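Undergrad: Mind having a look at this structure? Questions to follow.
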Amino acid sequence: MIFNPQHSETERTRILQQEIDRLSAQGGGCLQVPPGTWSCGSLRLRSGVELQLEAGAKLLASEDPELYAPVGDHDPSITANAKLRAFLWASGEQNIGIRGPGCIDGGGTEDSRPDWSSAQDVFRPALFYIQDCSGLRITDCDLRNSKWWCLHLRRCEDVLIRGVVMDHSWPNSDGIDPDGCRNVIISDCRLRCGDDCIVFKSTQGDDVEHATVTNCVLETNHACFKLGTESFGNFRNITVSNCVMRGHVAFGLYMKDGGLMENIRGMNLVVETSSPWPILLDAMARYYDEGKVAGIIRNVALSNISLSGAGRIWVEGPEEAPLENIRLQDIDWHVNGAIPQPAETKPTGSARTRSNPDRPPYEEDPAQVLAIRCPGLKLSGLSLSGEGASRPLLKQFD
């Protein structure tokens, strides 16, 4: 009996891994997780194997660090929790499937959540770490209580994530992080996350290309949709559409470590936010005094956006590479509050940055859209209502 309530976590981990390996070796198959709570350690997913979580089934991540092995790493100078461990992981596999309606639980409950300062010293594996895989399908399941990034996909291709529900609140508990991935579809998901909901990255310099996010509800006190921060490669041909965003930054492009972002589209978005800057397009070097180029942002269009909140839009490029072909159109903004005094400064996008203390205080200008080194920005159909309806629409700085 594969699922036996009498098994210890160590026994269950061994038995489940043997079954996954057996199914893959015989050409693939489905491993059904029956109703009940089944705790175990880290499992390696294999080619051709689908986990089917039946209604009432919960696959629960063990609290025992001895049941996890390191599966990857980050540069600790720019990313927290640099030695990666994960509950479910795969490397170099093809055609992996995860589907519901049951759930996968990382064990990071609300009442056990550490604060941000102590979280770096707590054992907290990612829920998923999938690298160098193709043909990944994660559909119609519940992923909850992740202690770190929930779905970290590195250098994966042909990815479909559809109908997924996430609910977690721990520090650094991003929702979906396609990292150096290509051909990615994320649709019909509902995410409530302790950090960014959906963030495309390039932590090892791999290009991110051909991706779409659509028909999702995203809730967080950080970024709902973001490209970049700790990223070194190029981002091309990415869209987000038909989404509801609640929380903080709705749409953020953060180019800090070199590379290119081009052909990026956001459309048909409904946003509720308390952020002073719910939309940011920002190419500024991570460390202003090291002489490195931040990167290039060009060919970005945001359109048909309904936004409620007191904040504004910040667009900024570096002196050596001003932003090119940026378009903002048909934005219906209910500005339900005044600009804070003193005006909020621009967020850095990461704790691991160093900003020029002598930079001009652009944020003190009251305009709804601040564009710094973005010649030719095209702004049309920006409609303001509410307390901030009398603000100037646009101020451009060289």
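Undergrad: Among the residues of the range 45-70, which ones are acidic (D, E) and more than 24 Å from G27 (Cβ to Cβ)?
TA: Correct list: E63, D64, E66.
Undergrad: Which one of the conditions (1) of a type outside the set (A, V, I, L, M); (2) within 30 Å of the chain's Cα centre (by Cα); (3) not in a strand (DSSP E or B) does E11 fail to meet, given that it meets all the rest?
TA: Failed condition: (2).
Undergrad: Also, I was wondering about something else. Please verify whether the range 369-382 includes one or more residues that are of a type in the set (S, T, Y), closer than 22 Å to E324 by Cβ and not in a loop (DSSP other than H, G, I, E, B).
TA: yes
Undergrad: Among the residues of the range 206-228, are any β-branched (V, I, T) and over 22 Å from I185 (Cβ atoms)?
TA: no
Undergrad: Report, ordered by the first and then the second residue, all pairs with beta carbons closer than 7 Å, sequence separation of six or more or different chains, a first member in the range 291-311 that is in contact (Cβ under 8 Å) with a residue 60 or more places away in the chain, and a second member that is surrounded by fewer than 20 Cβ atoms within 10 Å (Cβ to Cβ).
TA: Correct list of pairs: A310/N336; A310/G337; A310/A338.
Undergrad: Can you tell me which of (1) assigned to a loop (DSSP other than H, G, I, E, B); (2) under 26 Å from the mean Cα position of the chain (by Cα); (3) closer than 18 Å to S275 by Cβ is the one R352 doesn't meet?
TA: Condition (3) is where R352 drops out.
Undergrad: Shifting gears a bit: Here is a check on your reading of the model: is S306 within 30 Å of Q341 (Cβ to Cβ), outside any loop (DSSP other than H, G, I, E, B) and hydroxyl-bearing (S, T, Y)?
TA: yes
Undergrad: Of these, D289, D282, D330, which one is under 30 Å from D207 (Cα atoms) and either assigned to a strand (DSSP E or B) or among the hydrophobic types (A, V, I, L, M, F, W, C) (or both)?
TA: D282
Undergrad: Could you tell me whether any residue of the range 104-127 is among the β-branched types (V, I, T), over 17 Å from the mean Cα position of the chain (by Cα) and at pLDDT below 95?
TA: yes
Undergrad: Residues of the range 274-295 being surrounded by fewer than 21 Cβ atoms within 10 Å (Cβ to Cβ) and either over 22 Å from D358 (Cβ atoms) or among the small types (G, A, S) (or both), which ones?
TA: S274, G291
Undergrad: So which pairs qualify, if the first residue must be in the range 357-375 and under 13 Å from P318 (Cα atoms), the second must be aliphatic (A, V, I, L, M) and assigned to a loop (DSSP other than H, G, I, E, B), the Cβ gap must be under 6 Å, and the two must be at least 6 apart or on different chains?
TA: A371/L377; C374/L323
Let's see how each residue does on (1) at pLDDT below 90; (2) small (G, A, S); (3) crowded, with 16+ Cβ neighbours inside 10 Å:
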site	(1), (2), (3)
I313	no, no, yes
I331	no, no, yes
P342	yes, no, no
K346	yes, no, yes
G349	yes, yes, yes
R352	yes, no, yes
Y362	no, no, yes
P366	no, no, no
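Undergrad: When you scan the range 103-221 for strands (runs of 3 or more DSSP E) that lie fully inside it, which ones turn up with 1 or more residues that are among the charged types (D, E, K, R), in contact (Cβ under 8 Å) with a residue 40 or more places away in the chain and under 28 Å from G233 (Cα atoms)?
TA: 134-139, 151-154
Undergrad: Determine if the range 373-392 includes at least one residue that is among the hydroxyl-bearing types (S, T, Y), exposed (fewer than 14 other Cβ atoms within 10 Å of the Cβ), out of contact with any Lys or Arg (no Cβ under 8 Å at 6 or more places or on another chain) and modelled with pLDDT under 95.
TA: Checking the range 373-392: at least one residue is among the hydroxyl-bearing types (S, T, Y), exposed (fewer than 14 other Cβ atoms within 10 Å of the Cβ), out of contact with any Lys or Arg (no Cβ under 8 Å at 6 or more places or on another chain) and modelled with pLDDT under 95.
Undergrad: Here's something else I'd like to know. Among N172, N221, which is surrounded by fewer than 19 Cβ atoms within 10 Å (Cβ to Cβ) and either at pLDDT 95 or above or closer than 30 Å to D121 by Cβ (or both)?
TA: N221 is the lone residue from the list that is surrounded by fewer than 19 Cβ atoms within 10 Å (Cβ to Cβ) and either at pLDDT 95 or above or closer than 30 Å to D121 by Cβ (or both).
Undergrad: Look through the range 195-208, keep the residues that are over 11 Å from the mean Cα position of the chain (by Cα) and within 15 Å of K226 (Cα to Cα), and return whichever of them is surrounded by the fewest Cβ atoms within 10 Å (Cβ to Cβ).
TA: Applying the filter and picking the extreme gives T203.
Undergrad: Among the numbered conditions (1) crowded, with 21+ Cβ neighbours inside 10 Å; (2) on the phi > 0 side of the Ramachandran plot, tell me where I130 comes up short.
TA: Condition not satisfied by I130: (2).
The values are calculated or read from the model by the stated rules, or taken from the named source; none is laboratory data. Small disclaimer: the values here were computed from a predicted structure and weren't measured. Virtual Cβ from ideal backbone geometry, glycine too; neighbours counted across all protein chains shown.
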